[in-house]
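Student: Structure incoming, see below.
The values are calculated or read from the model by the stated rules, or taken from the named source; none is laboratory data. Being a predicted model, the structure only gives us computed values, none of them experimental. Cβ placement follows ideal geometry from the backbone for every residue including glycine, while neighbour counts extend to all protein chains displayed. Just so you know, the surface numbers come from the protein's heavy atoms only, side chains and all, with ligands and any DNA or RNA stripped out. Shrake-Rupley method; radii C 1.70, N 1.55, O 1.52, S 1.80 Å.
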Amino acid sequence: MDQREIRFPCDDGFSMRGILTLPDGPEPRPGLLLIYEVFGLNEEMKRVAREFAEAGYVVLIPDLFHRGPKFLCVARAIRSIIKQRGRPLEDLDAARRYLASRPEVSAERLGVVGFCMGGGFAIVLAMRGHYKAVAPFYGEVPEDLPSACPTVASFGGRDEPLRDAPARLRRSLDKLGVPADIKVYEDAGHSFYTRTEGAILQKIGPLLPMHAGYHEPSALDAKERVLTFFREHLDGGV
């Protein structure tokens, strides 16, 4: 496996940083855009990228916070998810084009995995017609999706701010007739898939209304669900 820092061009000429993870084995492979949570491009996100690469995917993490002060980038990202337009989405489209251009990648087999903020982006990207499958983790869900691609979504039952999100997503996908696997892990809260860095965050997270914190049984089950779903809808059963 090869994990390296790269740069890719955005449509305004900006050179954005990213982390590319290449699996061992024959090429070309399906490609995944991995969109991180609000903590940014940290070692945990790199670890998650390696997990998906071990399953056979070329994984690109675009660093959406590379454009300036983090607090401004976070605000811009949240606004872009809500409005479903804006510079962060344009940057994600540039990341998709870069990923598709890599010789190691099968350009017709692209998917998205997103966590928290990234989960919101994954749901928005599912509407855009460029991906075979998306896997949002505890992302915000719009009231109505006009279109979507096959979606495997995971939520924590103790995540109070997103309590209605799974049902909202299920209604839209059922209406569209899109293949979906939506699961709520009743014993888990927000950010159950990732191991939050920092002792203070680990202590405070479970006390918040979202009950944030790593929950291993839920994380392991969600990983297997996502990989099974991707094998069917992204890999074409390969």
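Student: Considering only 115, 13, 61, whose Cα is most displaced toward the positive end of the charge dipole of the chain, charges sitting on Cβ of Lys, Arg (+1) and Asp, Glu (-1)?
Tutor: 13
Student: Here is a follow-up. Of 146, 173, 26, whose Cα points farthest to the positive end of the dipole of the chain (charges on the beta-carbon: +1 Lys, Arg; -1 Asp, Glu; origin at the Cα centre)?
Tutor: So the residue we want is 146.
Student: Oh, and also: Under a Cβ-only charge scheme (Lys and Arg +1, Asp and Glu -1), can you give me the dipole magnitude of segment 3-106 about the Cα centre, in debye to the nearest 20? Can you show the working numbers first?
Tutor: Numbers: 17 positive and 15 negative charges, 88 e Å.
Using only the charged Cβ atoms, the result is roughly 420 debye.
Student: Let me ask another. Would you mind checking 46/83; 46/183; 83/223; 70/132; 132/223 for any pair whose Cα atoms are more than 22 angstrom apart? Write down the numbers at each step before the final one.
Tutor: Values: 46/83 28 Å; 46/183 25 Å; 83/223 29 Å; 70/132 31 Å; 132/223 18 Å.
With Cα atoms farther than 22 Å apart: 46/83; 46/183; 83/223; 70/132.
Student: Over the chain, what is the relative contact order in whole percent, taking alpha-carbon pairs under 8 Å and six or more residues apart?
Tutor: On the way: 504 pairs, mean separation 36.8, N = 238.
Result for the chain is 15 percent.
Student: Same structure again: May I ask you to list the residues of segment 149-167 whose amide nitrogen lies under 20 Å from a point 7 Å from Cα along the Cα→beta-carbon direction of residue 221?
Tutor: 151-167
Student: If you count only protein heavy atoms with a 1.4 Å probe, what accessible area per residue comes out for the chain, rounded to a whole Å²?
Tutor: Details: 10370 Å² over 238 residues.
Ligands and nucleic acids excluded, the figure is 44 Å² per residue.
Student: A further question on this structure: What is the antiparallel percent of DSSP beta bridges lying wholly in the chain, to the nearest 5?
Tutor: Numbers: 12 of 34 bridges.
Of the beta bridges lying entirely in the chain, close to 35 percent run antiparallel.
Student: Treating only the Cα positions of segment 113-188 as identical point scatterers, give the base-10 log of I(q)/I(0) from the Debye formula at each q in 0.11, 0.20, 0.21, 0.22 Å⁻¹.
Tutor: -0.22, -0.74, -0.81, -0.90
Student: Suppose only helical runs count, i.e. DSSP H with n ≥ 4. What mean residue ellipticity at 222 nm does that imply for the chain under -39500 (n - 2.57) per run, divided by all residues and rounded to the nearest 500 deg cm²/dmol?
Tutor: After summing the helix terms and dividing by residue count, I get -11500 deg cm²/dmol.
Student: Then there's this: Roll a 1.4 Å probe over the protein heavy atoms and report the accessible area of residue 50 in Å², nearest 10.
Tutor: 80
Student: Hey, another quick one. Got a number for carbon plus sulfur as a percent of the chain's accessible area, 1.4 Å probe?
Tutor: On the way: 5410 of 10370 Å².
Ligands and nucleic acids excluded, carbon and sulfur reach 52 percent.
Student: Still on this model: Under 5 Å between amide H atoms, partner at least 5 residues away or on a different chain: which partners does residue 181 have, H built in plane at 1.01 Å?
Tutor: 151, 152, 153
Student: Also, I was wondering about something else. Taking the Cα centre of the chain as the origin, how large is its charge dipole in debye, to the nearest 20, when only Lys and Arg (+1) and Asp and Glu (-1) carry charge on their Cβ atoms? Write out the running numbers ahead of the final one.
Tutor: Values: 32 positive and 33 negative charges, 117 e Å.
Computed charge dipole of the chain: roughly 560 debye.
Student: Using 10 Å bins from zero, what percent of all Cα-Cα pairs in segment 1-106 falls into each bin?
Tutor: Result, from short to long distances: 15, 48, 30, 7, 0 percent.
Student: What are the ³J(HN,Hα) values, in whole Hz, obtained from phi via the Karplus relation 6.51 cos²θ - 1.76 cosθ + 1.60 with θ = phi - 60°, for each residue of segment 30-39 in sequence order, with x given for Gly and Pro?
Tutor: Values per residue, Gly and Pro as x: x, x, 10, 8, 9, 10, 6, 7, 5, 6 Hz.
Student: Under the classification rounded if a/c is under 1.5, otherwise prolate if a/b is larger than b/c and oblate if not, where does the chain fall, given a ≥ b ≥ c as square roots of the Cα gyration tensor eigenvalues?
Tutor: In terms of gyration-tensor shape, rounded.
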